[in-house]
1. Looking only at the stretch 119-139, how many residues end up being surrounded by 10 or more Cβ atoms within 10 Å (Cβ to Cβ), over 19 Å from the mean Cα position of the chain (by Cα) and closer than 30 Å to A23 by Cα?
2. Would you please name the residue that is modelled with the highest pLDDT, looking only at residues in the stretch 88-111 that are open to solvent by 70 Å² or more (accessible area, probe 1.4 Å) and outside any helix (DSSP H, G or I)?
3. List the residue pairs whose Cβ atoms are under 7 Å apart, where the first residue sits in the stretch 149-164 and is within 12 Å of A16 (Cα to Cα), the second is part of a helix (DSSP H, G or I) and among the hydroxyl-bearing types (S, T, Y), and the two are 6 or more positions apart or on different chains.
4. Considering only residues that are in a helix (DSSP H, G or I) and of a type in the set (V, I, T), look in the stretch 12-43 and name the one that is surrounded by the most Cβ atoms within 10 Å (Cβ to Cβ).
5. Which one of R142, R199 is of a type in the set (K, R) and either surrounded by 19 or more Cβ atoms within 10 Å (Cβ to Cβ) or at pLDDT 95 or above (or both)?
6. Within the stretch 44-62, which residues are open to solvent by less than 20 Å² (accessible area, probe 1.4 Å) and assigned to a helix (DSSP H, G or I)?
7. Can you confirm whether A66 is open to solvent by 70 Å² or more (accessible area, probe 1.4 Å) and modelled with pLDDT of 95 or more?
Amino acid sequence: MDTAVSEREWMLPEEALPVRLMATVWADVTGLHDDLATTQDLTAWLDAVDLDRAGQSATAAELALARRLRDAVRRLAAHATGDERDATRSGDGDVAGDVEAAVRDVNDAVAHLPAPRIALTDGVLRATSSSDSSAITAALARVADEAITLLGGPESGKLRACYAPGCVLYFMKTHPRREWCSVTCGNRVRAARHYDKVRSTR
């Protein structure tokens, strides 16, 4: 993950974790980009968003899980916001099937969340957890849990797709005047409007 990538909007702490995961897919004038291309990228992303990986490095299986979770959350976000941009759709175009598969993928990921347990050890009660999952899989399960709360809870109405030209990101509308995922997208929209206005007066 290079310096330009490490300064991307998905690191902003004010966005919800699921939004930050979705933002690891982004676009610019050169096309669509994926910030989770390698296991090192996933490890760096977990660190950037302060998810505890207990010193472990991501495996190929964990990268696949992260990418599947991200795709599922993006499809559910597209469903929740009525977003019909091509970049939010799967290859087969079966939107209903995509949403059902996305629900299954999120539920499969959250199943790795450690469940609280109580244990009796040498006559003393101790809180433990019942998880055979790695710290990274458990961290991704936490993102899935937050996605469920975000997409299926009262905050879901604040989720928006950014319709700036070429953007494929989502954001939480935390201010009544906020319309774009970032200042950069807002500036791009204003510049495009100005250009159109100037061109129309010629």
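1. 3
2. Restricting attention to the stretch 88-111, the residues satisfying the condition of being open to solvent by 70 Å² or more (accessible area, probe 1.4 Å) are 89, 91-92, 94, 100, 104, 107-108, 111.
Then drop every residue that is not outside any helix (DSSP H, G or I), which leaves 89, 91-92, 94, 111.
On the way: R89: 56, G91: 42, D92: 46, D94: 54, A111: 93.
Filtering the stretch 88-111 for residues that are open to solvent by 70 Å² or more (accessible area, probe 1.4 Å) and outside any helix (DSSP H, G or I), the one modelled with the highest pLDDT comes out as A111.
3. L150/S156; L159/T81
4. Here the answer is V19.
5. Unique residue meeting the criteria: R142.
6. Going through the stretch 44-62, the residues open to solvent by less than 20 Å² (accessible area, probe 1.4 Å) turn out to be 45-46, 49, 51, 58, 62.
Across the stretch 44-62, the qualifying residues are W45, L46, E62.
7. Against the criterion (open to solvent by 70 Å² or more (accessible area, probe 1.4 Å) and modelled with pLDDT of 95 or more), A66 does not qualify.
The values are calculated or read from the model by the stated rules, or taken from the named source; none is laboratory data. It should be emphasised that the depicted structure is a prediction, and the values quoted were computed from it without experimental measurement. Backbone-built Cβ (ideal geometry, glycine too); neighbour counts: all protein chains shown. Each accessible area value is taken on the protein alone, full model and side chains, heavy atoms only, with ligands, DNA and RNA left out. Shrake-Rupley method; radii C 1.70, N 1.55, O 1.52, S 1.80 Å.
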